[in-house]
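To start, the structure under review is shown below, and the notes come after it.
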Amino acid sequence: MANILLTNKCIRACPYCFAGKEMALSSRKDFISWENIVYLADFLQASGEKHLSLLGGEPAIHPQFVDILLYLIDRGFGVTTFTSGVMSTTTREELEKGLAGLLPDKAHFVCNINNPSQTPAPKSENEQVHAFLSGLGAWTMPGFNIYRKDFDLEFIFDLIGRYGLKKRLRLGLAHPIPGSENEFIRAEDIGAVIERLYSYRDLFNQLHVRPNFDCGFPLCRVTDEQLGWLARLSGRMNFICNPAIDITPDMQVYCCFPLASLNKKSLFEFDSFKAIVAYYRNLQACVRGEIGGIYEECATCVHRAQEMCAGGGACQLVKRMADEAPETILDIVDAYDKAYLPERTGVA
Amino acid sequence: MHTTKLICPNEPALLDRLEKRNLCVRVSSPEAIVPAANKARERNHLICVICDAETSFDEMNVEESWQDIPIALIAPTFGKFRNVSRNLALFKKLNLRVYLPCDEGGLVGARLLASLGIPTGIVFDKVPRPDWEALADLMTYALLGMAAHAPIEPFQTMADCCRQGRSEDWGRAIFDDPSSYLHIDAMGRTALSRRELIAGEFVAQDLSELDTPVVAKAVANRRDAWQKLFLDNHFCARCGGWRLCRGRFADGRDEPDDCGEFFQDMMDVIEQSCKNLGPQQPVEKWRP
């Protein structure tokens, strides 16, 4: 699914932010233009895409956020907006008014919420998040980014009940940014994170909340008991790491935020969205061919060979390469562009 | 049935004097569209109702009763998409073409509406100097856009003429070509353009003169007026974009601006579009 970044600006300053470096560098154009929105809608439609995501920064900062959302819905896309919920009263009210009468399958929100006691934010920000959830809770799935081993999830269950949020919880590991120093979960700590998550199983069970794993969780760090619980509750599990494909306001594309520095391209170099996905998937495969996975045992892991597990996030691998041998990653990208690009994607 | 189309105001006394004519009736508010169409159809053939509204497009009260009426809706501004979105399903049912000014908001609005299947047009005379670069961007979208969309005038008419090797004044796409449209005021006086009508520059003083050689000669003279640009060695006559523009922007300019580059670009785009014809939606709606 394509992620369209409406803006590079964000309101919050999360310690784990894996978009921060890219956001800081990408100040060339603050907001995406209508011309680019129409081009992207055409491009994705011609590529057969039915769904897309709106991201930022904080997408709701875009002065035409509500209009863009409604336009993309009118173009026939199912639209997921990733938001912090921090937005002006005017924007929130416009959003509520704009979505009134629409079926919830046309648009939904993933509201990434920080625990106010572990990741303090100004009181006004928290009030805005609550106001957002109060008005648009039925459209919203909560999201939580894990950046410390002692994370506390209890508050999310309270919000789900209080505001009638969707009973699914997006759980993301805070990823490292190659060449930067954000807070993230290290490979050796992932087992402890999953164990802590499992300690909330009674709350998940009682409230029928399904955990949705975002990319980068390795299968081997989940015990059979935990796996059984997750499978019963969620139905399907995800231990993969595929290119997310982020598209910036100035029409550049990259694999995902943490890998934004890994061979950014212009969207106009590609004939279709499938070609972009193929390009970055194959590039990731080249990187994985060099290192394997985030653990030593990934190299010989049968689950990785069977593509049930990606061997952790590619960003963890690139971070390691960037720290230990930065020239290697450049060599891989260079060789890939020369040898694979035209052949595998049809892109000249 | 007379072949020339007449653009006249919604004046019952005037309409009663016309018979078996092709009429475009001009109204100034959306509420007048249905009565004007009904009145025009009593004795004449209605080409369309031209609604030159003062209200922003997004705030217009659209009515189900417009469904069997060809309408040219000229709006001063596009407004907010969120308001347009609320009426989108109805807009799509109507035989409607939305004309927007050649400014930033108008160009964006035309692109959005066209991408959603609503035919649009750009009105050039509401801004003193078009942003030719932005216009070129819209023109490229109109003729080469990768997904199906509705036509955007006058680009569509210009491209169709060019592709078919016809050398016509594309002004008819925006009701500004006396070979296609004559403009009549409430008193039955005739002008060759809307601008001349407002300025009181008439070629006939009464409806009875409409079909006389005087009017026909005035129309013919206007049609051939481009020749004067060559006789005067005007810079338009030496411009690479002449084949498409035909000196339409020559008036009042003593030096070339970016219009020449725009029309040359457009010829390239038309040539390219001929190679991959097909993205436009077959919109079965009235065309100017």
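Within the range A:89-101, residues that are among the acidic types (Asp, Glu) reach partners that are in a helix (DSSP H, G or I) with beta carbons closer than 7 Å, at six or more positions or on different chains, in the pairs A:Glu94/A:Val66; A:Glu94/B:Arg82; A:Glu96/A:Gly135; A:Glu96/A:Leu136. Scanning the range A:85-130 for residues that are within 21 Å of A:Lys167 (Cβ to Cβ) and either small (Gly, Ala, Ser) or not in a loop (DSSP other than H, G, I, E, B) (or both) turns up A:Gly85, A:Leu99, A:Ala107, A:His108, A:Phe109, A:Val110, A:Cys111, A:Asn112, A:Val129, A:His130. Checking A:Leu233, A:Leu207, A:Leu169 one by one, the residue that is surrounded by 20 or more Cβ atoms within 10 Å (Cβ to Cβ), closer than 26 Å to A:Leu136 by Cα, hydrophobic (A, V, I, L, M, F, W, C) and not assigned by TED's automatic domain parsing to the domain that holds A:Ala310 is A:Leu169 and no other. Would you point out the residue of the range B:232-262, among those that are within 21 Å of the chain's Cα centre (by Cα) and aromatic (Phe, Trp, Tyr), that is modelled with the highest pLDDT? Residue satisfying both the conditions and the ranking: B:Phe262. In the set A:Lys274, A:Lys338, A:Lys264, only one residue is touching a Phe, Trp or Tyr at 6+ places or on another chain (Cβ under 7 Å) and more than 30 Å from A:Val222 (Cα to Cα); that residue is A:Lys264. Scanning the range B:209-243 for residues that are closer than 15 Å to B:Thr4 by Cα, touching a helix residue (DSSP H, G or I) at 6+ places or on another chain (Cβ under 9 Å) and free of Cβ contacts under 8 Å to residues at least 24 places away in the same chain turns up just one, B:Glu209. Name the residues in the range A:68-115 that are under 12 Å from A:His51 (Cα atoms) and more than 21 Å from the chain's Cα centre (by Cα), would you? Result: A:Arg75, A:Gly76.
Tell me yes or no: at least one residue of the range A:31-50 is crowded, with 18+ Cβ neighbours inside 10 Å, in the same structural domain as A:Pro258 (by TED's automatic domain parsing) and at pLDDT below 85. The answer is no, given that none of the residues of the range A:31-50 is crowded, with 18+ Cβ neighbours inside 10 Å, in the same structural domain as A:Pro258 (by TED's automatic domain parsing) and at pLDDT below 85.
Of the set (1) part of a loop (DSSP other than H, G, I, E, B); (2) within 30 Å of A:Gly48 (Cα to Cα), all apply to A:Arg288 but (1). Among the residues here, B:Asp160 does not qualify as in a loop (DSSP other than H, G, I, E, B) and either in contact with a Pro (Cβ under 8 Å, 6 or more places away or on another chain) or under 28 Å from B:Asp52 (Cβ atoms) (or both). In the range A:297-329, the residue that is surrounded by the most Cβ atoms within 10 Å (Cβ to Cβ) out of those that are among the small types (Gly, Ala, Ser) and assigned to a helix (DSSP H, G or I) is A:Ala314.
Kindly indicate whether B:Arg43 is farther than 27 Å from B:Phe155 by Cβ and within 14 Å of chain A (Cβ to nearest Cβ).
Taking the combined requirement at face value, the residue does not satisfy it.
When the range A:74-87 is examined, which residues are found to be surrounded by 13 or more Cβ atoms within 10 Å (Cβ to Cβ) and either in contact (Cβ under 8 Å) with a residue 12 or more places away in the chain or at positive phi (or both)?
Listed by number, the residues that qualify are A:Arg75, A:Phe77, A:Gly78, A:Val79, A:Thr80, A:Thr81, A:Phe82, A:Thr83, A:Ser84, A:Gly85, A:Val86, A:Met87.
The criterion of at least 3 residues that are without any contact (Cβ under 8 Å) to a residue 24 or more places away in the chain is met by the following helices (runs of 4 or more DSSP H) wholly inside the range A:154-252: A:224-234. Checked against (1) surrounded by fewer than 17 Cβ atoms within 10 Å (Cβ to Cβ); (2) within 14 Å of chain A (Cβ to nearest Cβ), B:Asp58 meets all criteria but (1). One residue alone among A:Tyr147, A:Tyr71 is among the hydroxyl-bearing types (Ser, Thr, Tyr) and within 14 Å of chain B (Cβ to nearest Cβ), and that residue is A:Tyr71. For the criterion of being free of Cβ contacts under 8 Å to residues at least 24 places away in the same chain and closer than 22 Å to B:Ile122 by Cβ, B:Ser56 passes. For A:Phe144, the criteria (1) over 18 Å from the mean Cα position of the chain (by Cα); (2) at pLDDT 95 or above; (3) more than 20 Å from A:Thr248 (Cα to Cα) hold in every case but one, which is (1).
Residues that are over 22 Å from the mean Cα position of the chain (by Cα): list the helices (runs of 4 or more DSSP H) wholly contained in the range B:174-231 that include at least 2 such residues.
In the range B:174-231, B:213-223, B:226-231 are the helices (runs of 4 or more DSSP H) which contain 2 or more residues that are over 22 Å from the mean Cα position of the chain (by Cα).
Please enumerate the residues belonging to the range B:87-129 that are touching a residue at least 40 places away in the same chain (Cβ under 8 Å) and either among the basic types (Lys, Arg) or surrounded by fewer than 21 Cβ atoms within 10 Å (Cβ to Cβ) (or both). B:Asn95, B:Arg97, B:Arg111, B:Gly117, B:Phe124, B:Asp125, B:Lys126, B:Arg129 - these are the residues of the range B:87-129 that are touching a residue at least 40 places away in the same chain (Cβ under 8 Å) and either among the basic types (Lys, Arg) or surrounded by fewer than 21 Cβ atoms within 10 Å (Cβ to Cβ) (or both).
Listed here are the helices (runs of 4 or more DSSP H) enclosed by the range B:53-150 that have at least 1 residues being closer than 27 Å to B:Val269 by Cα: B:104-115, B:132-144.
The values are calculated or read from the model by the stated rules, or taken from the named source; none is laboratory data. Keep in mind that what you see is a predicted model, and the values were worked out from it rather than measured. Cβ sites come from the backbone with ideal geometry, for glycine too, and all protein chains shown count toward neighbours.
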